[in-house]
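Here, each number is a calculation from the coordinates, and none is a lab measurement. In this text the structure is predicted, and so the values were computed from the model without any measurement. Using ideal geometry, Cβ is built from the backbone for each residue, glycine included, and neighbour counts are taken over all protein chains shown.
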Amino acid sequence: MTVLVTGATGNVGRLVVEGLVAEGAEVRALSRAPERAARLLPAGVRTVDGDLGRPGTLDAALKGVEQLFLFPVARTAREVVARAREAGVRRIVVLSSGAVSAGLDTTHHLPVERAVEESGLEWTHVRPGEFALNKLELWGPSIRAERVVREPNPDFGWFPVHERDIADVAVAALLRDGHAGAAYTLNGPAAVTLRAQVRAIAEAIGEEIRLVEVTPEEARERYAAQGGFAAENADFLLGFADYEGNPADPREIAAFDPAGLGPQPTAEAVTGVPARTFARWARDHAADFR
């Protein structure tokens, strides 16, 4: 069997590639820079040129493929899925979002899910909630430079999910029967406050990290200056906007207590293995924070 992985060098995609290779699957990795991708991915993975934003570039990559791991690009999803079906793909696993499960996403991931569902092919949606990896993007620069984290709501938290749990579920859905028509919402095994997350990272790197409480506005300015992921997502992460960019009140975050929600669905329901904790994630990424 041949599996095509799109978004193959991304935070989840590259782990899906690794998991498929470990299972003995024949893997193709789609990339706009296949030579660079070949250097990042395991030996034996065939990298192919293509761009989900330009569906006409995908035909050669899809030839002979049976399973497809689909990174979400809403604008072209229907054409991509149609081309996959014409090429003989029979199973698609979508990297979606827990925001769809919560009814918060109608424009980013939901259109991709619907395009796949309406194709007549086997489908599975993998819907991760908050990525633990976000903290590396948000806090990494200040931890590495100053051993400091600045946050307006240190006692807020959620159920951050390890990216390897997401990839493990995707690999299972790609290679094994019994997952067709399922939408798996994935979270971490426990609610973890931002204060506790900082403490877990400090323990992982073996050094003290100061947590400084700032106003939402101050945090917003710092994230904007930081650039990249932090700047692009500051308004949503700090409560100034909802998932789809509509104005919101950042004070609602301070009033929210995720611990009252009880346990959330995790990868264990699919893999049979307990979901990785945030402390485990921090240990896995300790070098990235040093």
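Helix-derived [θ] at 222 nm for the chain: sum -39500 (n - 2.57) over DSSP H runs of at least 4, divide by residue count, nearest 500? Working shown, then result.
Details: 15 runs with 122 residues, N = 290.
Calculated at 222 nm, the ellipticity per residue is -11500 deg cm²/dmol.
Please identify, among ASN187, ASN246, ASN134, the residue showing maximal mean-square fluctuation in a Gaussian network model of the chain using a 10 angstrom Cα cutoff.
ASN246
Going by amide H atoms built from the backbone, whose H comes under 5 Å of the H on ARG32, apart from near neighbours?
GLY50
Can you compute the label reach from ARG114? Point 7 Å from Cα along the Cβ direction, backbone N cut-off under 13 Å, restricted to segment 60-83.
74-75, 77-78, by backbone N distance to the label point.
On a 0 to 90° scale, report how tilted helix 77-87 is relative to the longest principal axis of the chain, with both axes built from alpha carbons and the result rounded to the nearest 10.
The two axes meet at around 30 degrees.
Along Cα→Cβ, 7 Å out, is where each label goes; now give me the distance between the ones at ARG39 and ALA183 in nm to one decimal.
Inter-label distance under the simple model: 4.0 nm.
Under 11 Å from the Cβ of GLU113, count the other residues' Cβ atoms, weight Lys and Arg +1, Asp and Glu -1, and hand me the total. Mind dumping the intermediate values first?
Working: positive: ARG114, ARG127; negative: ASP105, GLU117, GLU118.
Net local charge, GLU113 excluded: -1.
How many nm separate the modelled label positions at ALA224 and VAL148, each set 7 Å beyond the Cα in the direction of the Cβ?
2.0 nm
Loop only per DSSP, at most 13 neighbouring Cβ atoms within 10 Å: give me the GluC sites (Glu not before Pro) in segment 90-171, ordered by residue number.
Details: sites: GLU113, GLU117, GLU118, GLU122, GLU130, GLU137, GLU146, GLU163; in loops: GLU118, GLU130.
The qualifying sites are GLU118.
Can you tell me the 0 to 90 degree angle between the C-alpha axis of helix 163-175 and the longest principal axis of the chain, rounded to 10?
With rounding to tens, the tilt is 20 degrees.
Spin-label point model (7 Å from Cα, Cβ direction): what's the VAL214 to ASP49 distance in nm?
Result: 4.4 nm between the two label points.
Any chance you could give the angle, 0 to 90 degrees and rounded to 10, that helix 194-205 forms with the longest Cα principal axis of the chain?
80 degrees
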